[in-house]
1. Tell me yes or no: at least one residue of the stretch 77-85 is farther than 26 Å from Arg153 by Cβ and either open to solvent by less than 30 Å² (accessible area, probe 1.4 Å) or among the acidic types (Asp, Glu) (or both).
2. Which of the residues that make up the stretch 214-250 are closer than 22 Å to Glu81 by Cα, open to solvent by 60 Å² or more (accessible area, probe 1.4 Å) and either part of a loop (DSSP other than H, G, I, E, B) or modelled with pLDDT under 95 (or both)?
3. For the stretch 81-97, indicate whether the set of residues that are of a type outside the set (Phe, Trp, Tyr), within 24 Å of Phe189 (Cα to Cα) and assigned to a helix (DSSP H, G or I) is non-empty.
4. Which one is surrounded by the fewest Cβ atoms within 10 Å (Cβ to Cβ), of the residues in the stretch 116-130 that are in a loop (DSSP other than H, G, I, E, B), in contact (Cβ under 8 Å) with a residue 12 or more places away in the chain and not basic (Lys, Arg)?
5. Answer yes or no as to whether Gly177 is assigned to a loop (DSSP other than H, G, I, E, B) and either over 20 Å from Ser86 (Cα atoms) or open to solvent by less than 30 Å² (accessible area, probe 1.4 Å) (or both).
6. Tell me the residue from Ala133, Ala62, Ala106 that is surrounded by 24 or more Cβ atoms within 10 Å (Cβ to Cβ), at pLDDT 90 or above and touching a Ser or Thr at 6+ places or on another chain (Cβ under 9 Å), please.
7. Can you find, within the stretch 47-59, the residue that is most open to solvent (accessible area, probe 1.4 Å) among those that are out of contact with any Gly (no Cβ under 6 Å at 6 or more places or on another chain) and touching a residue at least 60 places away in the same chain (Cβ under 8 Å)?
Amino acid sequence: TAMNTLEFHDLGEDFDAGLLEQAYRDVYLPAFPLRDEQEDPTIWTPRLLNPEGNPRLCFLVAGTRLDTPGAHAVRGLLVAEYYAASQCVLISYVATHPDARGQGLARRLFDVLGRRLDSGRFSRGQPVQAVFAEIHDPAQNDPDGDVLDPHTRLRIMAKLGGLRIPIDYLQPPLGPGQQAASGLWLIAFPAMAHRAPPLTAARVRRFLVEFYRELGSSTPETDPLYAATFASLDALARHDTVLDPLDVAA
């Protein structure tokens with residue numbers, strides 16, 4: 001698919017159940033085969049239909065003939081969540097169809113999201129304070145067990161402006177019967193929150209408290225599951241900077 005012919009559709013602004021199903025089947029499941037890192041589209045649907053929910057969901061689908069049922073060709077997706085209390089965005093999923101990899105589609109998806117953030121359409125008119133994402137730690141993830149080599153993903157995120165927040169990050173359980181996931185880094189994209197002051201450990205803490213609460217922990221800061229995360233964040237607060245370059249040399 002030529003990149004200049006792609007269309008972009010936000011299911012959070014114009015919901016299409018058939019398009020969601022196809023994006024999930026053709027792009028999402030092949031890209032995220034690990035059960036503990038998957039969400040089910042039945043969780044997303046009510047959130048996509050409720051613009052006042054928290055977190056608010058942006059679900060970008062890239063492809064061709066996206067307005068023609070039965071003729072969709074989905075080539076990529078990006079899912080982002082806006083957390084209103086901390087005014088932060090988490091890019092929870094970015095994926096491309098195997099046939100569309102290496103063609104700059106991730107950059108195009110980030111650019112479309114960036115325009116939504118700048119317009120205030122996604123953040124209820126509030127200035128976004130930080131944009132986060134999660135990425136596999138290459139030292140803890142075997143390339144043979146991952147759809148995309150973790151080092152390759154690291155290089156992609158570095159090119160997109162990603163910087164690591166050096167804390168002991170834990171992804172909370174995403175649903176019933178799922179486990180918290182370690183082996184992940186929390187990264188930030190400061191250029192995407194260009195109207196915000198420099199990122200601080202306090203801002204990261206506000207986001208994580210809200211994020212962990214939304215995913216089931218009533219008191220995250222005293223929850224034993226996240227003790228190491230908040231301890232490492234306390235240590236980071238004593239440093240001058242909370243962002244490190246992504247080491248792409250490995």
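The values are calculated or read from the model by the stated rules, or taken from the named source; none is laboratory data. Since the model is a prediction, treat every value here as computed from it, not as a measurement. No Cβ is skipped: glycine too gets one built from the backbone with ideal geometry, and neighbour counts run over all protein chains shown. Side chains are part of the model used for accessible areas, which takes the heavy atoms of the whole protein and leaves out ligands, DNA and RNA. Shrake-Rupley method; radii C 1.70, N 1.55, O 1.52, S 1.80 Å.
1. Looking for residues that are farther than 26 Å from Arg153 by Cβ and either open to solvent by less than 30 Å² (accessible area, probe 1.4 Å) or among the acidic types (Asp, Glu) (or both), one finds none in the stretch 77-85, hence no.
2. Result: Glu214, Gly216, Ser218, Thr219.
3. no
4. Out of the qualifying residues, it is Gln126.
5. Yes.
6. One residue alone meets the criteria, Ala62.
7. Checking each candidate, the answer is Asn54.
Conditions tested, residue by residue: (1) more than 11 Å from Leu77 (Cβ to Cβ); (2) more than 16 Å from the chain's Cα centre (by Cα); (3) assigned to a helix (DSSP H, G or I); (4) in contact (Cβ under 8 Å) with a residue 24 or more places away in the chain.
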residue	(1), (2), (3), (4)
Phe8	no, yes, no, yes
Gly12	yes, no, no, yes
Phe15	yes, yes, no, yes
Asp26	no, yes, yes, yes
Thr45	yes, yes, yes, yes
